[in-house]
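Structure provided below as structure tokens; questions to follow.
Readers should treat all values here as calculations from the given coordinates under stated rules, not as data from a laboratory. Nothing here was measured: the structure is a model prediction, and the numbers come from that model. Here the Cβ is made from the backbone with ideal geometry for all residues, glycine too, and neighbour counts use every protein chain on show.
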Amino acid sequence: MNPSQPFQLALTRFKDAFGGTPRLFRAPGRINIIGEHVDYAGGKVMPAAIDYACYVAAAPNQENALHVTTDLGTARIDLNQFERQGDWRDYVAGMAFALRDAGHVVTGHNLAIASDVPMGAGVSSSAALEVAVGLALTGGQVVGPLLALIAQAAENHYVGMACGIMDQYASACAVAGHALMLDCTSLEAKQVSLPQTVCFLVIDSGVKHRHTTGGYASRRADCETAAQLLGVSLLSEVHDEAALTGLSGNPRKRARHVVSEIARTTAAQQALEAQDLVGLGRLLNQSHKSLALDMEVSTPEVDRLTALAQATHGIYGARMMGGGFGGSIIALADPALAQMAMETIVTTYAGFLGRRPDAIVVRAAAGAGEVK
Ligand code: GLA
């Protein structure tokens, strides 16, 4: 067993800090194949969980407090009153308080946390942390969509990031080997089997994002303004770009992205079911263009990396992934050519970045659960 594996680290850390025998819970990060900046507008998204995860070793203690030890430091979190700290502690404390808000009993726990989900790279390390902590604090009693909704509430109300449901849902509910086709209005989800003939590259642009500041919230606000002007409660109720002619400026551009991205996501599901990877790749490329020009959430570095990937042999399509303003791109690859393609992209982009960017090949892994 490799001691640097995060699950092993979580267990060792627990033993060193607290002693005794904990239970171990795991929640993965996610990729999003397509359906970007549409979850908060009620649209359809197609994420999958990845084989990089956050592990929490946990056991109850006799106090009304969480004792936490992580890669990022240690903390004592008082459960009598929430106090925002502006760092990783807010995700842990936020989850405890959001569980209580939802009517669950949360008592004191000792928690040891270790994760190999890259941070600030757009693969939802924070959702993985929230979901894993949620499982740990409820002894695995709160799971699935309910756990995802509580984790989203923790992020919205305690961390202060107005995210949609996609990341937490993917982490809590994904199935190995499948993409999750999620309707973010009804929360109905369908598991779509991923063919063996495709894999995903995640390549970090080297530009760190942080969504609690400005851009993400302002895009969301533009979408809400557009919906209001169109007389609908969510932009996902609009299916035709022709309906947007009465809008102007940013609300019009953002709405055009949302309406077209939802149509692309539906088309992507059909392409995936037909195993049409060339068609799926084309949709990813179109998604990037719309995110860059209409949603305006890309950066020059991310555009450059995406264009490079799109032009590389063995890549069906590529686009920026996640909230934007930096972070990673996702590229749809032929597994036989994936390593070679990744090396080409990484080497060329390193010439621009001044160092080799982080890059991983990911597989669609299982959603969160207890590790026995
Ligand atoms: C972030 C948010 C998600 C979603 C994406 C953009 O990852 O947490 O809810 O809005 O951005 O698709």
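What value, in deg cm²/dmol to 500, does the helix sum -39500 (n - 2.57) over DSSP H runs of n ≥ 4 give at 222 nm once divided by the residues of the chain?
-12000 deg cm²/dmol
Dividing the alpha-carbon Rg of the chain by 2.2 N^0.38 Å yields what?
So the chain has a normalised radius of gyration of 0.97.
Per-residue counts of other Cβ atoms within 10 Å, averaged by peptide: what ranking do you get for 31-43, 348-360, 266-278, highest first?
Ranking, from highest mean packing down: 31-43, 266-278, 348-360.
Can you tell me the length gained on complete extension of the stretch residue 273 to residue 186, counting 0.36 nm per residue apart and subtracting the Cα distance?
This chain segment gains 29.1 nm when fully extended.
What distance in nm separates the two pseudo spin-label positions at residue 62 and residue 197, each 7 Å out from Cα along the beta-carbon direction?
If labels sit at residue 62 and residue 197, their model points lie 6.3 nm apart.
Given an 8 Å cut-off on Cα distances and at least 6 residues of separation, report the relative contact order of the chain as a percent.
Contact order relative to length: 23 percent.
Please give the contour-minus-distance gain from residue 229 to residue 107: 0.36 nm per residue of separation, less the Cα-Cα distance, rounded to one decimal in nm.
39.3 nm
Counting other beta carbons within 10 Å of each Cβ, put 130, 296 in order, fewest first.
With the sparsest Cβ surroundings first, the list reads 296, 130.
Too long at a 24 Å Cα-Cα cut-off: which of 44/289; 15/372; 15/208; 44/253?
Correct reply: 15/208.
Add +1 for every Lys or Arg and -1 for every Asp or Glu among the other residues with Cβ under 14 Å from the Cβ of residue 70, and state the total.
-3
Work out how much length residue 304 to residue 340 would gain on full extension: take 0.36 nm times their residue separation and subtract the Cα-Cα distance, in nm to one decimal.
Full-extension gain reported as 11.1 nm.
How long are the three semi-axes of the equivalent ellipsoid of region 86-210, in whole Å, if each is the root of 5 times an eigenvalue of the C-alpha gyration tensor, listed from largest down?
25, 19, 14
Another question, if that's okay. Using a Gaussian network model on the chain with a 10 Å cutoff between Cα atoms, which of 297, 258, 238 fluctuates the most?
The residue with the greatest mean-square fluctuation here is 238.
Another question about this same structure. Please list 327-335, 95-103 highest first by mean number of surrounding beta-carbon atoms within 10 Å per residue.
327-335, 95-103
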